[in-house]
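S.K.: The structure under discussion is supplied below as C-alpha cells; questions concerning it will follow.
The values are calculated or read from the model by the stated rules, or taken from the named source; none is laboratory data. Model, not experiment: these values are computed from the prediction. Cβ coordinates were reconstructed from backbone atoms using ideal geometry, including for glycine residues, and neighbour counts include every protein chain displayed. Quick note on the areas: whole protein, heavy atoms, side chains included, nothing else; ligands and nucleic acids left out. Shrake-Rupley method; radii C 1.70, N 1.55, O 1.52, S 1.80 Å.
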Amino acid sequence: MRTRKWITLIVVSLLIVTLLVSCTGTKGTKAEKYGLFMSHMTNAFTIEMSDAVKSKASELGLDLTVYDGGQDPAKQVSQVETAVTQGISCIVIEPASVDGLVPAIESATKAGIPVVVVNQMISKPEVASSFVGVKNVEGGELEMKTAAEAMGGKGNVAFLLGPMGSDAQLGRTEGYYNVLKDYPDIKVVFEQSANWKTDEALTIVENWLQSGTEINAIVANNDGMALGALKAVEDAQLLDKIKVYGLDATPDALAAVKEGKLAATISQSTTEQGKVAMETCYKLVKGEPVEKEIYVQFTLITLENVDDYLK
C-alpha cells in the first residue's frame with residue numbers, strides 16, 4: 001500500500017509540474033508579453049509598420065500589444081513606463097521624439113527589458129538594445145537630388161516637414177540641405193511642418209499657392225503630406241508647373257505615381273523594418289546575440305519602375 005501511495009504522489013507531482021510549465025511558459029512563447037509602441041497610427045506608413053510587426057509576432061506565436069502614442073512623447077513615455085511595471089518582456093518602439101523617449105528606454109533596459117528601436121533613431125542609441133531602420137539623411141538626399149535634377153538645378157522649392165524634432169524630420173530635412181549645397185540656384189521659398197498629416201499639408205500648400213510665390217517643386221518628408229500637397233496643386237490646375245515628391249511608398253502614393261501625378265516616392269522597406277524589429281526583439285528575449293544597428297535600404301520609385309511595387 002505504501003508503494004502505491006508513493007507512486008500516486010509522484011504522478012500527482014508530475015502533473016502539477018506539467019501544469020505549471022504550461023501556464024508559465026518559457027522564453028519566446030506566448031507567456032512572454034511583447035509591446036509595440038508606435039508614435040502614432042494616423043497614416044499608411046505607421047499602419048503598414050504596425051501590421052508588419054503584428055504579422056511577425058503572429059508567425060512566431062507571440063503575445064503582442066500595440067500602443068498608439070498619438071504623436072505625444074509624454075504619452076508614449078507613460079505607456080512604456082506602465083508596461084515595464086506590468087512586467088513586459090520586450091519592447092519594440094517607434095519613438096515620437098529623438099530625445100523625449102531616451103529616459104524611458106534607458107530605464108527599461110536597466111530593468112533588464114530589451115528595447116528595439118525601429119525606424120526613428122533616438123539621440124542616445126546606446127541606451128537601446130538594438131536599432132532597426134534606415135538612415136533618414138540618405139532618404140532625404142535621394143528625394144531632394146531627384147527633385148533637383150528634374151528642376152534642371154534651378155528654381156524654387158518648398159519643404160513639408162514631419163513633427164519637429166522627430167528623427168525622420170531631422171534626418172530627411174538635413175538630407176535636403178546637404179543636396180542643396182551642390183545646387184546654389186535652387187531657393188527654398190517655404191518650409192513648414194504638417195505633422196505627417198495629409199489635411200494639414202493640403203491647407204498649408206493652398207496658402208502657399210494663394211501667396212503668388214512661384215514654386216517649382218514641393219518635397220515632403222512623407223507621402224501623406226505629399227498627397228495633401230498634390231491635391232492642392234491639382235485643384236489649382238498647376239500639375240504641369242509644380243512637381244511633388246514624397247517618401248514611404250504608401251499604396252496611395254504608388255497609385256499617384258502610376259497616374260503620372262506624383263513625381264516620385266521612395267520606399268524605405270517599411271514591412272521589412274517591422275518584421276526584422278519584431279524578430280530581433282524575440283531573439284533578445286531568447287538570449288540570442290543581435291546586431292546593435294540593422295539597416296535596410298531606400299529605393300527611388302518613379303513612373304519607370306512603379307509597376308514593380310504595385311500590389
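S.K.: Looking at the chain, what % of the alpha carbon pairs are farther apart than 35 Å? Could the numbers behind the result be given before it?
M.R.: Details: 14314 of 48205 pairs.
It works out to 30 percent of all Cα pairs.
S.K.: OK, next. In whole Hz and in residue order, list the ³J(HN,Hα) couplings for the range 221-234 that follow from phi through the Karplus curve 6.51 cos²θ - 1.76 cosθ + 1.60, θ = phi - 60°; x for Gly and Pro.
M.R.: 3J(HN,Hα) across the range 221-234, in whole Hz: 5, 8, 5, x, 6, 4, 5, x, 4, 4, 4, 5, 5, 5.
S.K.: Also: Could you report the chain's accessible area per residue, 1.4 Å probe, as an integer in Å²? Before the final figure, lay out each step's value.
M.R.: On the way: 14600 Å² over 311 residues.
Spelled out: the 1.4 Å probe surface of the chain, per residue, equals 47 Å².
S.K.: Highest first, please rank the peptides 56-62, 240-246, 184-190 by the mean number of other Cβ atoms sitting within 10 Å of their residues.
M.R.: 240-246, 56-62, 184-190
S.K.: Using a Förster radius of 25 Å, what is the FRET efficiency between D235 and N156 based on their Cβ-Cβ separation? Nearest 0.05, please.
M.R.: After rounding to 0.05, the efficiency reads 0.80.
S.K.: Nearest 0.05, what FRET efficiency do K75 and Y309 give at R0 = 30 Å with Cβ-Cβ as r?
M.R.: The calculated FRET efficiency here is 0.35.
S.K.: Answer with one residue from Y34, I105, I294: the one whose Cα lies farthest towards the positive end of the charge dipole of the chain, charges on Cβ with Lys, Arg +1 and Asp, Glu -1.
M.R.: Working it through, the farthest residue towards the positive pole turns out to be Y34.
S.K.: Give me the net charge for the shell around T173: Cβ to Cβ below 12 angstrom, other residues only, Lys and Arg +1, Asp and Glu -1.
M.R.: Details: positive: R172; negative: E141, E143, D167, E174, E191.
With Lys, Arg at +1 and Asp, Glu at -1, the net is -4.
S.K.: What is the set of long-range amide H partners of D72 at a cut-off below 5 Å, with H atoms built 1.01 Å from backbone N?
M.R.: Close amide H contacts, sequence-distant or interchain: none at all.
S.K.: For the range 278-287, just list the computed ³J(HN,Hα) in residue order, Karplus coefficients 6.51, -1.76 and 1.60, θ = phi - 60°, integers in Hz, with x standing in for Gly and Pro.
M.R.: Karplus-based 3J(HN,Hα) across the range 278-287 equals 5, 5, 5, 4, 4, 5, 5, 5, 7, x Hz.
S.K.: Which one of T271, N216, V189 has its Cα pushed farthest toward the positive end of the charge dipole of the range 171-277, where Lys and Arg give +1 and Asp and Glu give -1 at the Cβ?
M.R.: T271
S.K.: Rounded to the nearest 500 deg cm²/dmol, what is the calculated helix-only ellipticity per residue at 222 nm for the chain, with -39500 (n - 2.57) per DSSP H run of length n ≥ 4? Don't skip to the answer; put the middle values down first.
M.R.: Working: 10 runs with 141 residues, N = 311.
Here the helix-only value at 222 nm equals -14500 deg cm²/dmol.
S.K.: Now for a different question. Dipole magnitude of the chain about its Cα centre, charges +1 at Lys/Arg Cβ and -1 at Asp/Glu Cβ only, in debye to the nearest 20?
M.R.: I would put it at about 1760 debye.
S.K.: 5 Å is the cut-off here: which amide hydrogens, built 1.01 Å from N in the peptide plane, fall below it relative to K243, excluding neighbours closer than 5 in sequence?
M.R.: Residues meeting the criterion, in which the H sits 1.01 Å from N, are A217, I218.
S.K.: Taking amide H positions as placed 1.01 Å from N in the peptide plane, with prolines and chain starts having none, which residues 5 or more places from F37, or on another chain, fall under 5 Å of its amide H?
M.R.: Y67, V92, I93, E94
S.K.: Mind checking which lysines have their C-alpha under 23 Å from K154, skipping anything on the same chain fewer than 8 residues away?
M.R.: Filter leaves K145, K181, K187, K241, K243, K261.
S.K.: Can you bin the range 136-267 into rounded, prolate or oblate? Criterion: square roots of the alpha carbon gyration tensor eigenvalues sorted a ≥ b ≥ c, rounded for a/c under 1.5, prolate for a/b above b/c, oblate for the rest.
M.R.: On the way: a/c = 1.25, a/b = 1.08, b/c = 1.15.
Since a/c stays below 1.5, the shape of the range 136-267 is classed as rounded.
S.K.: Could you check how much of the accessible area of the range 136-267 is carbon and sulfur, as a whole percent, using a 1.4 Å probe? Intermediate values should be presented prior to the final figure.
M.R.: Values: 2510 of 5330 Å².
Exposed carbon and sulfur together represent 47 percent of the surface.
S.K.: Same structure, new question: Using each residue's phi in the range 184-192, evaluate 6.51 cos²θ - 1.76 cosθ + 1.60 at θ = phi - 60° and report the 3J(HN,Hα) Karplus result to the nearest Hz, with x for Gly and Pro.
M.R.: So the Karplus estimates, Gly and Pro as x, are x, 8, 9, 10, 8, 9, 9, 7, 8 Hz.
S.K.: Could you tell me how far the Cα centroid of the range 29-97 sits from the Cα centroid of the range 167-240, in Å?
M.R.: Using only Cα atoms, the two centres lie 31 Å from each other.
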